[in-house]
């Protein structure tokens, strides 16, 4: 008997073989994402265990350059209840792991007016390592948000019309 082919097309933004932990859904609404980049996150053991239980939130977090290093700030990873006194602070700054060339490119892009680094997704990759998908983004104005909503509504209406005419 032949094996069935698995459906690997899960849509835009799908990360193959990854277990999604947290997603910043408002980031694509508030920012125009120009480019994305995957980075590792330096975590403590209790933080990894807490992430495996799903206790995290990256909705209000951002990445910032401090010296020659990149840090994830204001990301909430809940305390692991069984960690006792070796527990971590939920909103501590976490170092992001990137190559020096990548950090230098990001530093140059941040210097441009209105460009920021926002975390889009936090997930475990195929090897079980915690990774974060960073977006190099520019803030949207209120008019830009309206324009995006208008385009999305028109695409939905166009698809409905095409379905009806068959």
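The values are calculated or read from the model by the stated rules, or taken from the named source; none is laboratory data. Just so you know, these numbers come straight off a predicted model, no measurement behind them. A quick note on method: Cβ atoms are made from the backbone with ideal geometry, for glycine too, and the neighbour counts reach across all protein chains shown.
Of the residues 98, 106, which is over 30 Å from residue 142 (Cα atoms) and either at pLDDT 90 or above or surrounded by 14 or more Cβ atoms within 10 Å (Cβ to Cβ) (or both)?
Only one candidate qualifies: 98.
Quick check on this structure: which one of 66, 79 is surrounded by fewer than 18 Cβ atoms within 10 Å (Cβ to Cβ) and within 18 Å of residue 134 (Cβ to Cβ)?
Exactly one residue qualifies, and that residue is 66.
Residue by residue through segment 21-67, note down the ones that are without any contact (Cβ under 8 Å) to a residue 60 or more places away in the chain and touching a helix residue (DSSP H, G or I) at 6+ places or on another chain (Cβ under 7 Å).
Those that are without any contact (Cβ under 8 Å) to a residue 60 or more places away in the chain and touching a helix residue (DSSP H, G or I) at 6+ places or on another chain (Cβ under 7 Å): 46, 65.
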